[in-house]
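Values quoted throughout were computed directly from the atomic coordinates according to the rules given, and no laboratory measurement underlies them. Model, not experiment: these values are computed from the prediction. Positions of Cβ are backbone-derived with ideal geometry, glycine not excepted, and every protein chain shown enters the neighbour counts.
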Amino acid sequence: MPDDLDMPPEEALVEAQRLLDADRPFHAHEVLEAVWKAAPEPERELWRGLAQVAVGVTHLRRGNTRGAEALLSRAAERLVPYESAPPHGVDVQGIVERARDLAANAPASGPITFRLTHG
């Protein structure tokens, strides 16, 4: 991913989802992190939380369950304030539930699925 990645939120969500579906969570993190750094203040923590979810999945894929649990739990807490009015079609409630589930029940192997948006 280029350091100067600049995507509108909807495009970034599509790209991050494509990368998650391809089992490339670290690359999805880079996309989400780029939006986080460019996002307006009211949305910054949303994008930071989404980026942390992707890093948490990266840690799971690499066998670092302790790091994954910490990041996924932190990400879920960061996302909770957006549950009542999620921007850009982000499935905040679903992501929070999935992140908490993965933090509590880290899979030993197999694909780790995550949906960022409704639909």
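For the condition of a type in the set (Lys, Arg), closer than 23 Å to Arg100 by Cβ and either over 14 Å from the mean Cα position of the chain (by Cα) or surrounded by fewer than 17 Cβ atoms within 10 Å (Cβ to Cβ) (or both), Arg66 qualifies.
Within segment 78-87, the set of residues being surrounded by fewer than 17 Cβ atoms within 10 Å (Cβ to Cβ), in contact with a helix residue (DSSP H, G or I) (Cβ under 8 Å, 6 or more places away or on another chain) and not β-branched (Val, Ile, Thr) comprises Pro81, Glu83, Pro87.
Being surrounded by fewer than 17 Cβ atoms within 10 Å (Cβ to Cβ), within 14 Å of the chain's Cα centre (by Cα) and under 21 Å from Ala22 (Cα atoms) is a description that applies to Gly94. Kindly establish whether Ala51 is surrounded by fewer than 23 Cβ atoms within 10 Å (Cβ to Cβ), closer than 23 Å to Met7 by Cβ and of a type in the set (A, V, I, L, M). So Ala51 does not fit the description; no.
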